[in-house]
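Just below is one structure, and these are the notes that go with it.
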Amino acid sequence: MVSDEINNNKTWIFLFFAFVVAMIAMLGSLFFSEIMDFVPCTLCWYQRILMYPLVFIFIVGMMPYDKKVLKYSTPFVVVGWVFALYHNLLHFGLIPESASPCVQGIPCSTKYIEWFGFITIPMLSFIAFSIIAVLLYLIKRRDV
Amino acid sequence: MKSQQKIVIFSIIGLILFFIISGAIYKNQKSNDVVAMVKEDSALLERDYSVSIGNKDAKVHLVEFFDPACVTCADFHPLVKDIMKKNEGNIRLTLRYAPYHSGSDYIVKILEASRKQGKFNETLEMIFKKQLEWEGFSGPNMKVIWPLLSQIGLNIDQLVKDMKDPKLDDLIAQDLADAKKVGATKTPSYYVNGKPLQQFGYEQLKELIYSEL
């Protein structure tokens, strides 16, 4: 019983970190679009659609801790991670722009920021989805 | 359990507060940058070709970046005119083009060509008043616009000729470049004596104008 509680506490902390990452990703992307006036491209919208619900799924799953949170959040993380990967490959030029779905409006190859020469907005998205995926994996290993 | 809930709630509040505060700091900083930039190079807000309405020596210089196809611009136009009328002689309005909608640059060319015939104001009023009629999803519906233009009394043949002037493309490109520099990414964007309107709204605009009068 006691070890179970400690285990639960640890998984809760992992979930909490996943929530913090998702929340920072959400507010950060809103900062870029609403405050810095960067117009999100189509691929950014798909990643937002998959990232924003995670914040709320995690909040509900934490108060109190609910094992099922893993089941509900995994599809969002997996699909979002794939979109982020695709977007990064586009930025690195590994996929030609002509093969991308964004032809109208803002092209998805537009780079708004480039901190330290490699951190772009899609890179931040990819990092966020990856961290959340790892944390969820750690929870899964402990919970089963 | 209780403490976990507290942690969650406090971190939500903390992150949102951080977002709001850093956003306010960023916007304020950006506004200060624009004020400084405009002070150094006033041509950014007014080029020698720009449309200027009102008393040349007016106390308040209002600059508006607008898009003829933008609904809010059409809504605000009579409001700005009203403020100017109430403070006759104290406000000078400079109009700059920011045609972000597709096909808007064509309307800008109509406006500039009508200016050559001395009918800029009439044309602008009509363009805004009839906006819902001529604006389509993929750009302006010219079939609606031409008859309206001749109703005003414009010489259409001359208008079409003047619209082909390649100088107009340079003018639009210059206005768009200036808009980008001073951060006029949305329309309408207002600048009162070089100060950008930070929080968009009619009351806020009025307040900013009256604070300079």
Residue in segment B:9-40 that is surrounded by the fewest Cβ atoms within 10 Å (Cβ to Cβ), counting only those that are of a type in the set (D, E, K, R) and without any contact (Cβ under 8 Å) to a residue 12 or more places away in the chain: B:GLU40
- request: Output yes when any residue across segment B:68-85 is over 23 Å from B:LYS186 (Cα atoms), at pLDDT 90 or above and within 14 Å of chain A (Cβ to nearest Cβ), and no when none is.
  value: no
- prompt: Is it the case that segment A:47-63 has a residue that's farther than 26 Å from B:ALA24 by Cα, within 14 Å of another protein chain (Cβ to nearest Cβ) and not in a helix (DSSP H, G or I)?
  reply: yes
Residues located in segment A:13-46, provided they are away from chain B (no Cβ under 14 Å) and in contact with a helix residue (DSSP H, G or I) (Cβ under 9 Å, 6 or more places away or on another chain): A:CYS41, A:LEU43, A:CYS44, A:TYR46
query: Yes or no: B:PHE137 among the hydrophobic types (A, V, I, L, M, F, W, C) and either touching a residue at least 24 places away in the same chain (Cβ under 8 Å) or in contact with a Ser or Thr (Cβ under 6 Å, 6 or more places away or on another chain) (or both)?
result: no
task: Would you list the strands (runs of 3 or more DSSP E) that sit entirely within segment B:41-109 and hold 1 or more residues that are touching a residue at least 24 places away in the same chain (Cβ under 8 Å) and hydroxyl-bearing (Ser, Thr, Tyr)?
output: B:51-53, B:91-97
- request: Just name the residue that is farthest from B:ASN193 (Cα to Cα) out of those in segment B:31-62 that are under 16 Å from the mean Cα position of the chain (by Cα) and hydroxyl-bearing (Ser, Thr, Tyr).
  value: B:SER50
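The values are calculated or read from the model by the stated rules, or taken from the named source; none is laboratory data. This structure is a prediction, so every number in the text was calculated from the model and none was measured. Don't worry about glycine lacking a Cβ; one is built from the backbone with ideal geometry, like all the others, and counts go over all protein chains shown.
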